[in-house]
Each structure stands twice: as C-alpha cells, then as structure tokens.
Amino acid sequence: MSDYQSYMKGSPLEVKVISARFGLPNSTSIDTFVAHDGYKGLAKAFQMGPEGVINEMKNSQLRGRGGAGFNTGLKWSFVPKQTDKPKYVVCNADESEPATCKDRPLMEYDPHQLIEGIVIAGYAIGAHQGYIYIRGEYRYLMDILDRAIAEAYARGYLGKNIQGSGFDFELCTHTGAGAYECGEETALLNSLEGLRGYPRVKPPFPAVVGVYGCPTIINNVETLCNVPHIVLKGAEWFAGLGTPKNGGTRLFCLSGHISRPGVYELPMGFPLRKMIEEVGGGIPRGKKLKSVIPGGSSCPLLSADEIDVPMDFDSLAKIGSMLGSGGVVMIDEDTCMVKVAQRIMKFYAHESCGWCIPCREGTAWLKALLDRLHGGGGLADDPDTALDASYNILGKSLCPLGDAAAMPTISIVNKFRSEFDEHVRLGACPYAGRGSGFGARGWGAA
Amino acid sequence: MLSDDLKSMFDRVIARYPLKRSAIVPLLLFAQDELGYISDEAIEEIARRVEVPPIEVVEDIGYYSMLHRHPIGKYNFQVCTNVSCQLLGGEEILAHCSKRLGIGHKQTTSDGQFSLEEVECLGACCGAPAMQVNYDFYENLTPERVDRLIEELKANGRAR
Ligand SMILES: Cc1cc2nc3c(=O)[nH]c(=O)nc-3n(C[C@H](O)[C@H](O)[C@H](O)COP(=O)(O)O)c2cc1C
Ligand code: SF4
Ligand code: FES
C-alpha cells in the first residue's frame with residue numbers, strides 16, 4: 001500500500017476529475033463508486049452508440065497519458081469496423097518510466113473508474129475482451145483490481161449483456177515480471193503473448209494488427225480513467241479544462257528536491273513555475289533550482305531559466321522537450337548533473353532489450369563513458385564524444401527506448417557543459433560531499 | 001511439489017487467454033511466489049500446461065528481472081536508486097542495507113533470511129527514497145527506518 005498522506009497532500013490549485021473520489025471512505029468499493037456517478041458514463045455510452053463515443057473522444061482533445069500524447073479518439077478510430085477478427089482493449093499499467101507514480105493511486109484508490117473506462121473503450125471499438133497489463137512489482141494493485149473486477153461481474157457491469165445493453169465484455173488482469181521495455185506498446189503485446197518483450201516493427205500499428213494478430217487499442221491507465229468523465233460531461237467541458245488541443249487535467253508527480261512531493265491533479269497547461277513554487281512549495285532548504293525533468297527520465301531536461309512554460313504537450317515540444325509521463329523532478333543547485341546523466345544512462349543500458357545495435361551498444365558505451373567522466377578519469381573531448389554517441393542512437397533504433405536514452409543525455413551535456421569540463425579539469429567530481437541526499441527535504445536523518 | 005491450490009490457479013489463469021502461452025509469465029511469477037524460486041518441476045509443469053517446449057519457458061525467465069531460478073532470501077530488499085530516489089539518498093540507503101545485512105547486490109545472507117538488490121524505479125517516486133521488501137513498499141526511508149525494519153523482520157517475521 002502507499003501512504004495516502006504522503007502521495008495525496010492536496011493543493012487548493014488542484015482541479016479534481018479523475019482523483020475526485022480518492023479520498024472517499026471505502027473508495028475502492030463498487031457501492032461508493034456507484035454512489036458517486038460511477039458507471040453512469042457507461043450507461044450514457046450505450047445511448048450514444050460506438051460512433052458517438054469515438055466522436056466525443058476525438059473532440060475532447062484527450063491525449064495519451066502514457067507519454068506520447070496521441071489523440072485517443074483518433075487512435076480508436078483507426079480500428080477497422082469491418083473485420084471478422086475479435087478485437088481487444090489492452091490497458092497499459094506497466095508504469096515504469098522513472099519518476100512516474102500516478103497510475104498507482106488511480107488503481108489503488110479508484111479501480112472501478114479504470115474498469116468503466118475500459119468497458120466504454122471496448123464498446124466504442126467493438127471489442128469483447130480486455131486485459132490490464134500490470135507491472136509485476138504492483139502485486140497489491142493487481143489484488144485490488146481483481147477484487148474490483150469480481151464486483152463488477154457480480155453487479156452486471158462486466159460479462160454478458162452488460163446492464164441489459166446486449167453488449168458483452170470480459171476483463172482480467174495480466175502481470176509482467178520486471179522489464180521496462182514491456183511498457184512499449186508492441187513489446188507489451190509480445191509479452192502478453194508469452195514471449196520476451198521485444199518490440200515489433202511498425203507499421204502495421206496495433207489498432208490494425210495487435211495482440212494475437214487482431215485489432216487492438218492500447219491505452220495508459222490515466223488515459224482510460226478520463227473516458228467515463230468525457231462521456232458523461234461532454235467533450236466541450238473536457239477540452240475547456242485545458243489548453244487548445246490538450247484537453248483535461250493531468251496527474252503530475254512532483255518528486256526530487258521539492259518541499260511537498262506528491263501526486264497532484266492540475267489542468268493541462270498549468271504553468272511549471274507555479275507548479276514548483278505554489279503546488280510543490282518550492283525547493284527545500286532555501287536552495288536554488290538547477291534543472292527540471294518535465295515528464296519522466298526519457299525527456300530532455302530543462303534548465304532553471306526554462307520553467308516559464310505551460311505544462312502541455314505542445315508547449316513542451318516547442319522548447320525542445322516533452323510532457324511525457326507526468327513525472328516532474330526538481331533538481332537543486334547542489335546536485336552534480338554528470339551524476340544525474342550517469343544514473344539515467346545506467347537505467348537505459350540496463351533496460352535496453354538488446355534487439356538493435358545502436359541502442360544496445362550505444363547505451364552500454366555511454367554508461368562506461370559517463371562513469372569515467374564522473375569518476376574523474378574523463379578526457380577533454382569526452383563530453384563531445386558523449387554527444388556524438390547519443391546522436392548515433394537518436395532516430396537509429398527500432399523502438400523509442402534508444403531515443404529515450406539519447407535525449408536526456410544530449411540535453412544535460414549541452415545545458416550543463418561546464419560541469420562536465422570541470423570534472424575533466426579537476427580529475428574529480430566538484431560536487432563530492434556537497435550533494436543532497438538525506439536531509440534534502442528537511443526530515444532527513446530523523 | 002506444486003500445491004493443488006497453485007495448480008487450480010494455473011487452470012483459471014490459462015483459461016483467460018485465446019492462446020495458452022500467454023499465461024507463461026503470470027504462471028512463472030505465481031509459482032515463484034509459492035516456491036520462492038522457479039524450480040525445474042515448475043518449468044516442466046508450466047510448459048506442459050501451456051503446450052510449449054520447456055526451453056521457451058526458460059527463455060522467458062532470462063528476460064524478466066523479477067524471475068529467478070535459485071532460492072533467494074526470505075526477505076528480498078529491492079532498493080531503488082533511480083533518479084527521484086537518487087536525489088534523496090537512494091544510494092546511501094542501498095549502501096546502508098549492504099552494510100547492515102553484510103551482502104551486496106543480488107546476494108543472500110548465509111542463513112537464507114535476507115537478499116539485497118539494487119532496482120530501477122518502483123513507482124514510489126513521491127515517497128523517495130523507496131524500496132520493496134518482497135511485494136511490500138517502504139517509502140521515505142532513512143537509515144534508521146531501515147534498521148528498525150530489519151530488527152522487526154528478524155524478531156517477528158512476516159509472511160511471504
Ligand atoms: C520504452 C518505453 C516504455 C514505455 N512505458 C510505458 C508505461 O510504462 N506505461 C504506459 O502507459 N506507456 C508506456 N509507454 C508508451 C506506450 O508505448 C504507448 O504509447 C502508450 O501505452 C499508449 O497509451 P496512451 O495513448 O494512452 O498514452 C512506453 C514507451 C516506451 C518506448
Ligand atoms: S531501441 Fe533498444 S530497447 Fe528498443 S528495440 Fe532497440 S535495443 Fe531494444
Ligand atoms: S525513482 Fe525510485 S521509486 Fe521511482
């Protein structure tokens with residue numbers, strides 16, 4: 001279990017849509033859910049018909065919360081209508097992007113919201129089977145979801161002829177067993193078929209050829225949790241919560257050097273500076289901000305003078321970064337950026353599935369180079385070599401994991417170049433002994 | 001020996017999929033939960049039930065980091081050192097666990113009680129630094145909290 005107080009500190013600036021039921025007593029039970037508008041979106045979807053639901057989704061400007069930000073309604077519309085094959089809905093609950101912990105409270109505190117979203121998605125595309133692919137480490141969440149699924153069957157929200165609509169839908173959980181790459185949608189499909197999680201070449205896209213060779217939509221947990229609200233309250237309302245082409249709210253996970261770490265639901269386009277200073281309470285111990293990871297470790301990092309930006313997909317893209325997965329990490333002035341780059345690369349080198357050479361060799365090589373640089377044994381042209389190696393991965397690998405390793409590295413070397421040069425000049429880490437670690441949030445060694 | 005409960009769970013899980021082999025990874029993890037590791041017998045049994053050669057099951061085990069072929073400690077300390085945790089002392093927590101338990105990454109104490117592993121992001125970043133002991137999350141860690149936890153586990157234990 002997670003500690004509710006520690007994750008859900010709350011802020012008056014929040015706009016609660018998908019987290020609105022989190023604090024209710026017995027929030028996981030179907031009775032609580034139904035008493036608070038639960039499964040009403042599904043009832044309305046049955047009146048609107050599949051086409052109506054897909055149009056509503058498109059107009060809502062809901063974009064995928066897994067990281068890529070693709071328009072959800074548009075993705076659903078790619079599923080062929082005339083086909084003899086069964087269709088599938090797969091919920092991506094692999095949540096493994098470093099710094100991201102938002103799908104966890106969604107499943108822990110309101111599992112029926114996710115189930116309702118999945119059933120509506122199934123109805124919209126004509127699927128009769130859904131799977132929730134949960135990372136293996138989230139076992140307690142699988143238990144919560146399994147209980148909620150059993151309740152939904154018992155009350156006729158899953159199974160045959162749901163609520164007398166004539167629509168049938170089966171749903172179950174599926175567990176992974178430790179592999180970041182399985183969060184990538186095509187690798188996830190292979191994993192779901194009992195294979196190693198190697199990605200597939202696209203096209204064909206999963207909407208046409210997905211699991212078991214059948215049309216499949218894959219959506220993130222948070223994406224699907226928004227669906228019942230859009231159906232119930234309308235596309236216009238939802239789009240109006242955010243900025244143009246970026247509908248709704250987003251769960252932002254504030255972590256790192258921030259006074260009030262936690263998961264906060266804020267409108268799309270919420271200003272980053274305000275998020276740090278007012279929602280998160282600023283940087284602890286009166287330290288200055290040095291850098292921000294805006295959406296999980298795969299995104300290019302921002303420097304402290306780039307935080308006057310609205311947090312939506314297009315605004316982050318405009319300044320050369322990404323909104324990504326909602327994991328916002330604050331890094332203070334005492335932190336060694338070479339070490340941050342090294343730790344990020346260590347992750348990608350570990351998680352590279354090894355299928356293609358630029359990613360497999362490049363990440364291992366960059367990790368060794370960054371280890372050496374941080375350890376003080378770097379050469380004067382190592383920072384340039386790191387850039388060069390990163391550009392040789394970028395755009396040259398089969399799946400986006402290669403890019404995800406290259407992009408943060410390029411941004412850190414370019415924006416914090418002097419720290420790299422300093423390591424080379426001193427033959428040691430200039431931040432040794434300064435770092436933050438315990439005590440960074442004030443409670444430290446207590 | 002696999003228990004009857006586990007075997008009937010195998011049947012239920014396999015029935016969820018149009019393709020039996022889809023059940024391989026869940027079955028491996030559930031078998032490991034019961035046995036503490038994945039035995040030869042479990043591999044044979046799973047392969048037979050999902051109708052693939054055992055070697056294909058073994059290949060999967062090599063890919064997924066949570067699956068292991070040999071017994072590990074009763075309490076598996078999985079300490080996250082990824083970026084959110086790193087910034088708040090994840091590496092110090094790892095070093096502290098290593099010192100207190102007297103073991104390094106992927107090692108087990110000689111009495112078979114504790115194992116230690118450095119792991120990637122656990123999805124507990126807002127409670128950094130964080131770790132899992134088996135499936136239980138422990139967050140906002142300090143060296144003192146780790147010490148207390150080790151003492152408690154030694155004294156009272158907790159079911160796997
Ligand atoms: C290496 C890698 C890991 C990913 N991990 C996740 C993940 O853990 N959860 C997730 O929802 N999406 C993840 N994605 C994105 C998925 O591929 C996919 O875009 C997403 O599940 C689609 O759902 P959405 O449109 O609702 O965002 C990952 C992508 C890559 C390349
Ligand atoms: S880019 Fe990396 S993770 Fe993706 S397929 Fe290639 S080796 Fe595997
Ligand atoms: S970075 Fe440690 S739990 Fe996410």
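The numbers here are math on the coordinates, done by the rules we state, and not lab data. Everything quoted here is computed from the prediction, not taken from an experiment. We place every Cβ from the backbone using ideal geometry, glycine too, and count neighbours over all the protein chains shown.
Out of everything in region B:121-136 that is more than 7 Å from chain A (Cβ to nearest Cβ) and buried (at least 24 other Cβ atoms within 10 Å of the Cβ), what residue ends up being farthest from B:Met66 (Cα to Cα)? Quick ask: steps written out before the conclusion?
Initially, region B:121-136 is screened for residues more than 7 Å from chain A (Cβ to nearest Cβ), giving B:129-131, B:133-134, B:136.
Checking the rest, the ones that are also buried (at least 24 other Cβ atoms within 10 Å of the Cβ) come to B:129-131.
Details: B:Pro129: 20, B:Ala130: 17, B:Met131: 14 Å.
Of everything passing the filter in region B:121-136, B:Pro129 is farthest from B:Met66 (Cα to Cα).
Give the number of residues within region A:352-367 that are closer than 19 Å to A:Glu97 by Cβ, within 14 Å of chain B (Cβ to nearest Cβ) and either within 14 Å of ligand 1 (Cβ to nearest atom) or outside any helix (DSSP H, G or I) (or both).
Residues in region A:352-367 being closer than 19 Å to A:Glu97 by Cβ, within 14 Å of chain B (Cβ to nearest Cβ) and either within 14 Å of ligand 1 (Cβ to nearest atom) or outside any helix (DSSP H, G or I) (or both): 3 in total.
Would region A:165-177 turn up any residue that is under 22 Å from the mean Cα position of the chain (by Cα), small (Gly, Ala, Ser), more than 11 Å from ligand 1 (Cβ to nearest atom) and closer than 22 Å to A:Ile18 by Cα?
No, every residue in region A:165-177 fails to be under 22 Å from the mean Cα position of the chain (by Cα), small (Gly, Ala, Ser), more than 11 Å from ligand 1 (Cβ to nearest atom) and closer than 22 Å to A:Ile18 by Cα.
Specify which of the listed residues (B:Glu139, B:Glu92, B:Glu144) is surrounded by fewer than 23 Cβ atoms within 10 Å (Cβ to Cβ) and either under 21 Å from A:Ala349 (Cβ atoms) or touching a Ser or Thr at 6+ places or on another chain (Cβ under 8 Å) (or both). Before the answer, list the steps.
Numbers: B:Glu92 fails: either under 21 Å from A:Ala349 (Cβ atoms) or touching a Ser or Thr at 6+ places or on another chain (Cβ under 8 Å) (or both); B:Glu144 fails: either under 21 Å from A:Ala349 (Cβ atoms) or touching a Ser or Thr at 6+ places or on another chain (Cβ under 8 Å) (or both).
After ruling out the rest, the residue left standing is B:Glu139.
Being among the acidic types (Asp, Glu), within 20 Å of the chain's Cα centre (by Cα), crowded, with 20+ Cβ neighbours inside 10 Å and within 23 Å of A:Ser397 (Cα to Cα) narrows it down to one residue among A:Glu222, A:Glu185; which is it? Steps first, please.
Working: A:Glu222 fails: within 23 Å of A:Ser397 (Cα to Cα).
Going through A:Glu222, A:Glu185 in turn, the sole match is A:Glu185.
Here is a yes/no grid of residues against (1) within 26 Å of the chain's Cα centre (by Cα); (2) farther than 25 Å from A:Glu278 by Cβ:
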residue	(1), (2)
A:Ser6	yes, no
A:Pro12	yes, no
A:Val15	yes, no
A:Arg21	yes, no
A:Gln47	no, yes
A:Glu51	no, yes
A:Gly73	yes, yes
A:Gln82	no, yes
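What residue, of A:Thr186, A:Thr175, is under 30 Å from A:Leu401 (Cβ atoms), more than 14 Å from chain B (Cβ to nearest Cβ) and of a type in the set (S, T, N, Q)? Before the answer, list the steps.
Numbers: A:Thr175 fails: more than 14 Å from chain B (Cβ to nearest Cβ).
None of the other options fit; the residue is A:Thr186.
Output the number of residues of region A:271-300 satisfying the condition of being of a type outside the set (A, V, I, L, M), in contact with a helix residue (DSSP H, G or I) (Cβ under 8 Å, 6 or more places away or on another chain) and either part of a strand (DSSP E or B) or more than 16 Å from B:Cys126 (Cα to Cα) (or both). Can you show your working first?
Let us first name the residues in region A:271-300 that are of a type outside the set (A, V, I, L, M), namely A:271, A:273-274, A:277-278, A:280-282, A:284-288, A:290-291, A:294-300.
Among the residues that remain, those that are also in contact with a helix residue (DSSP H, G or I) (Cβ under 8 Å, 6 or more places away or on another chain) are: A:282, A:288, A:290-291, A:294-295, A:297-300.
Still in the list and also either part of a strand (DSSP E or B) or more than 16 Å from B:Cys126 (Cα to Cα) (or both): A:288, A:290-291, A:298-300.
So the count comes out to 6.
For A:Cys253, work out the one condition from (1) away from ligand 3 (no atom under 16 Å from the Cβ); (2) in contact with a strand residue (DSSP E or B) (Cβ under 7 Å, 6 or more places away or on another chain); (3) not aromatic (Phe, Trp, Tyr) it doesn't fulfil.
A:Cys253 satisfies all of (1) away from ligand 3 (no atom under 16 Å from the Cβ); (2) in contact with a strand residue (DSSP E or B) (Cβ under 7 Å, 6 or more places away or on another chain); (3) not aromatic (Phe, Trp, Tyr) except (1).
Suppose we filter A:Leu141, A:Leu171, A:Leu145 for residues that are part of a strand (DSSP E or B) and surrounded by 16 or more Cβ atoms within 10 Å (Cβ to Cβ); which single one remains? Let's see the steps before the verdict.
On the way: A:Leu141 fails: part of a strand (DSSP E or B); A:Leu145 fails: part of a strand (DSSP E or B).
The conditions single out A:Leu171.
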